[in-house]
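Worksheet: one structure, shown below.
The values are calculated or read from the model by the stated rules, or taken from the named source; none is laboratory data. Note that the coordinates shown come from a computational prediction; the quantities given were computed from them, not determined experimentally. Heads up, the Cβs are rebuilt from the backbone with ideal geometry, glycines too, and the neighbour counts pull from every protein chain shown. In case anyone asks, the SASA skips ligands and DNA or RNA and just uses the protein heavy atoms, side chains included. Shrake-Rupley method; radii C 1.70, N 1.55, O 1.52, S 1.80 Å.
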Amino acid sequence: MKKHKYSVDYVLTHKREHSKSSLPRDEKLYDLCEFIDKNVAYKKWYFGHSHKKCVVDTKHEFIYDELKSL
């Protein structure tokens, strides 16, 4: 990330931990996700752990059972 000045087009992870979740969270993953949200410039973050399709907001989207053209 340093090499690219903390700027990427897309973030792809299996899961995204965030502060608004009511479920128990993995603290290491939460810390990483918080770091990405606060320090990395990105167009879109895709994740799919929940096995659903849902646009959370303009920068975060659950992906399931589909292919995206980037």
Checklist line | Counted residues, region 25-70 - those being in contact (Cβ under 8 Å) with a residue 40 or more places away in the chain and open to solvent by 60 Å² or more (accessible area, probe 1.4 Å) | finding: 1
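Condition first: among the aliphatic types (A, V, I, L, M) and at pLDDT below 85. Now tell me which residues in region 1-40 satisfy that.
We begin by selecting, within region 1-40, every residue among the aliphatic types (A, V, I, L, M); these are 1, 8, 11-12, 23, 29, 32, 36, 40.
Passing the criteria: MET1, LEU23, LEU29.
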